[in-house]
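Step one of this worksheet: look at the structure below.
The numbers here are math on the coordinates, done by the rules we state, and not lab data. Model, not experiment: these values are computed from the prediction. Positions of Cβ are backbone-derived with ideal geometry, glycine not excepted, and every protein chain shown enters the neighbour counts.
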Amino acid sequence: MPLAAERQERILAAVRKHGMVRLADLVKQLGVTPVTVRRDVTLLADRGLVQRVHGGVALPHRAQTPQAREGVSGAYGPMATRTLVGMVVPSVEYYWPHVIQGAHAAVAAAQGRLVMRASRWDDPAEDRRQVNALLERGVQALLIAPTTTGDGAMELLRWLRSLTVPVVLVERRPPQELATLALDAVMTAHALGAGLAVRHLVTLGHRRVALITTRQSPTSNALRTGWQDAVDTLRLDSHEGLDIEVPSYGSAGWAEAYTDVLKRSRDLGVRGLLVHSDREAIGLIEQGRELGIGVPDELAIVTYDDEIGAASDPPLTAVRPQKHRLGVLAAELVLAKVAEVGGDWPVHRLELWPNVVVRESCGTAPEPEQL
């Protein structure tokens, strides 16, 4: 049986070729049950890639006329269609799959194709190698989350600016040293998200909120900035020593380190934690049980990212970046740039606010979640 992603690609290909395909024909072509086909079609329809019709599936209305095929509308105006878009991300295992899916949906809606390459964290040489591979592949536009700090990052960003294909940075912005580098960027307002988390805990009566991170990263650095700004703006009690870095959950020494954090927090009277990310928050809850520290009765926790926060025990209040939407907007922006060839295109720097999802780990009643 083909994998779900392969089945959905085949369904899309059939719909693009014929305009409308009967569900019964898809069942035969794919060799799966009607229930499986209906589930795949529902997922594609939810993403706006196809339209369900009686007994079958068709292209969305926007792609059914010659005019629509010549250019579809996105957040930034007309978008180029049938474009090969390259994407370079630092990981395909955490956080980034949702961003990739959003970009894929937007490119597919414009009858284009997204081709993705995985690079490595903090490796500008690998970023450049993957971009070159995509350029040789013939991509007409590029989405990339490049390294922006350390040796080689400045040269990499300048080189990206010099490319002849449109480039949009995803979840990255040029550093202050290159503040006027004319590269478009779509990113999450992570610092603001940290501030939202601190403010949520303050409204619950907490005056000291520790920040727990696992390593230096673009997200961790932004959270640190937002956490400190909120502490200063709200004139909270001294937070010296409450910016704490711990090993990743499950790595060597994690249990001892988390136990130390919990004991230190208890000794300092800290009963609110902002944790990046979900796995580490779950590890702190686990070690808290060993110490007799209950969540949320004795400790309130807000996680950042919300990949698996709802499955925690108790479910984690979370700051949730809009990852899928981020991918959609980044792709629509780069497709609009392709369509605007020769025009006077202003530099775009777009920030999306994350959402606070209230669950049980802070002792407040959970909000109804959107399914």
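As a proxy for reagent exposure, ranking D344, D127 by other Cβ atoms within 10 Å from fewest up yields D344, D127.
With the convex hull drawn over the C-alpha atoms of the chain, the volume per residue is 166 Å³. Taking a straight line from the alpha carbon of K323, these aspartates and glutamates sit under 13 Å away, with near neighbours fewer than eight places off in the same chain left out: E171, D305, D306, E307, E351.
Farthest towards the positive end of the charge dipole of the chain, among the residues V41, G363, V170, is the Cα of V41, using unit charges on the Cβ of Lys, Arg, Asp and Glu. Its residue count N sets the reference 2.2 N^0.38 Å, and the alpha-carbon radius of gyration of segment 190-321 equals 0.94 times that reference.
Give the lysines whose C-alpha is closer than 23 Å to that of K28, dropping any in the same chain fewer than 8 places away, or say none. Hits, sequence-local ones excluded: K17.
Annotation: amide H of A80 within the under-5 Å range of A336, V338, A339, sequence separation 5 or more or interchain, hydrogens built in the peptide plane. Relative contact order of segment 4-59: 42 percent, from C-alpha pairs under 8 Å at least 6 residues apart in sequence.
Springs between Cα atoms under 10 Å define the GNM used for the chain, and in it the highest mean-square fluctuation of G74, G193, G250 occurs at G250. When you restrict to C-alpha pairs under 8 Å that are six or more residues apart and normalise by the size of the chain, the relative contact order lands at 17 percent. Charges were assigned to the Cβ only: +1 to each Lys and Arg, -1 to each Asp and Glu. The resulting dipole of the chain about its Cα centre is roughly 1620 debye.
Sorted fewest first by neighbouring Cβ atoms within 10 angstrom, S238, S220, S277 come out as S238, S220, S277.
Restricting to segment 68-169, compute how many DSSP beta bridges are antiparallel as a %, nearest 5. Before the final figure, lay out each step's value.
On the way: 3 of 16 bridges.
Percent antiparallel among DSSP bridges in segment 68-169 is about 20.
Summary of the geometry: segment 1-30 and segment 264-318, compared by the centres of their Cα atoms, lie 44 Å apart.
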